[in-house]
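Q: What follows is a structure written as structure tokens; I'll ask about it next.
The values are calculated or read from the model by the stated rules, or taken from the named source; none is laboratory data. What you see is a predicted model, and the numbers here were worked out from it, not measured in a lab. Cβ coordinates were reconstructed from backbone atoms using ideal geometry, including for glycine residues, and neighbour counts include every protein chain displayed. Accessible surface is based on the protein model in full, side chains and every heavy atom, while ligands, DNA and RNA are left aside. Shrake-Rupley method; radii C 1.70, N 1.55, O 1.52, S 1.80 Å.
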Amino acid sequence: MAKLNLERRAEIGQEKRARTRAQLVAAASALFSKRSWASVTIDDLVREAGVAKGTFYVHFEDMHALTIAVADELIRSFDELIQPRRAATSDLLLRVALGCDAFIERALEDPAWGALVARMARSYPKVGETARLRLREDLARALDEAPRAGPSVDLALEAAIGVVLQVLAAIGEGRLKGADAQSAVGAVLGAIGIGKRQAAATLAKLARAKAARLREAPIA
């Protein structure tokens, strides 16, 4: 019995530490969505998290370590966000549209997340690295198949990412709303050199895919 109590006490301690660490990461994410991570101090962070300063050092060596934790959390969330949609179709251009739309849709649901992604992606090259590699792969194959005279794959990649990040930042600042989502994906397609007719066809497929996903969503 004593052994069980000790084990349970250890489990409770681990759970509490995990909750506190998550609380610190969430507080950092909230602050980083509003201003540059370099301007956030430990005092700012513990005030936002509602914990003692000593608690911070139990979990992180310094602000740089916490910033890396925030970046790692974003990296994990990116793959979870785009992979199911990407894997759902073999249409390469639709894959590109679905991936970009997934980020925009998520930002519309949580503008602070959009602002955070836009800021962190510019500050930490590893943030979004997996998403960038997947997008480049899809772009290379899609542009090889598409009849067009446009930019190179690398230039198309930078153009697509640039448009998406700017849209996320604008959503985070309240300058763009849900009605702009399809136009934003259309802007990405235009930026990578896709003609109007093919872009319109891809946007129509995107709208159908989103409608189908909504029909399949469980009713709360």
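Q: Given the criteria open to solvent by 40 Å² or more (accessible area, probe 1.4 Å) and either aliphatic (A, V, I, L, M) or touching a residue at least 12 places away in the same chain (Cβ under 8 Å) (or both), does residue 65 qualify?
A: Working: open to solvent by 40 Å² or more (accessible area, probe 1.4 Å): no; either aliphatic (A, V, I, L, M) or touching a residue at least 12 places away in the same chain (Cβ under 8 Å) (or both): yes.
Against the criterion (open to solvent by 40 Å² or more (accessible area, probe 1.4 Å) and either aliphatic (A, V, I, L, M) or touching a residue at least 12 places away in the same chain (Cβ under 8 Å) (or both)), residue 65 does not qualify.
Q: Let me ask you something else. Testing residue 175 on (1) open to solvent by less than 50 Å² (accessible area, probe 1.4 Å); (2) modelled with pLDDT of 90 or more; (3) under 19 Å from the mean Cα position of the chain (by Cα), one condition comes back false. Which one is that?
A: Condition not satisfied by residue 175: (1).
Here's the yes/no breakdown for (1) within 14 Å of residue 100 (Cα to Cα); (2) open to solvent by 50 Å² or more (accessible area, probe 1.4 Å); (3) among the hydrophobic types (A, V, I, L, M, F, W, C); (4) at pLDDT below 95:
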| site | (1), (2), (3), (4) |
| --- | --- |
| 181 | yes, no, yes, yes |
| 184 | yes, no, yes, yes |
| 191 | yes, no, yes, yes |
| 195 | no, no, no, yes |
| 198 | no, yes, no, yes |
| 210 | yes, yes, no, yes |
| 215 | no, yes, no, yes |
| 218 | no, yes, no, yes |
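Q: Can you tell me which residues in region 122-162 are surrounded by 16 or more Cβ atoms within 10 Å (Cβ to Cβ), on the phi < 0 side of the Ramachandran plot and under 14 Å from the mean Cα position of the chain (by Cα)?
A: Within region 122-162, 124, 127, 131, 132, 134, 135, 161 qualify.
Q: Ok, one more. Applying the selection to region 26-79, what residues are in a loop (DSSP other than H, G, I, E, B) and not basic (Lys, Arg)? Don't jump to the end; show me each part of the working.
A: We begin by selecting, within region 26-79, every residue in a loop (DSSP other than H, G, I, E, B); these are 33-36, 40-41, 50-52, 60-62.
Matches in region 26-79: 33, 36, 40, 41, 50, 51, 52, 60, 61, 62.
Q: So which of 86, 106 is open to solvent by less than 40 Å² (accessible area, probe 1.4 Å), free of Cβ contacts under 8 Å to residues at least 60 places away in the same chain, among the charged types (D, E, K, R) and within 29 Å of residue 196 (Cα to Cα)? Give the derivation first.
A: Details: 106 fails: open to solvent by less than 40 Å² (accessible area, probe 1.4 Å).
None of the other options fit; the residue is 86.
Q: Looking only at residues in region 15-32 that are open to solvent by 10 Å² or more (accessible area, probe 1.4 Å) and not aliphatic (A, V, I, L, M), which one is farthest from residue 46 (Cα to Cα)?
A: 15
Q: Looking at (1) out of contact with any Lys or Arg (no Cβ under 7 Å at 6 or more places or on another chain); (2) buried (at least 19 other Cβ atoms within 10 Å of the Cβ); (3) farther than 19 Å from residue 92 by Cα, which one does residue 113 not meet, given that it meets all the others?
A: Of (1) out of contact with any Lys or Arg (no Cβ under 7 Å at 6 or more places or on another chain); (2) buried (at least 19 other Cβ atoms within 10 Å of the Cβ); (3) farther than 19 Å from residue 92 by Cα, only one is false for residue 113: (1).
Q: Return the residue satisfying two criteria in turn: it lies in region 105-156 and is farther than 22 Å from residue 86 by Cα and of a type in the set (A, V, I, L, M, F, W, C), and of such residues it is modelled with the lowest pLDDT.
A: Once the filter is applied, the top-ranked residue is 149.
Q: For region 89-103, name all the residues that are of a type outside the set (D, E, K, R), more than 12 Å from the chain's Cα centre (by Cα) and open to solvent by 20 Å² or more (accessible area, probe 1.4 Å).
A: Scanning region 89-103 gives 89, 90.
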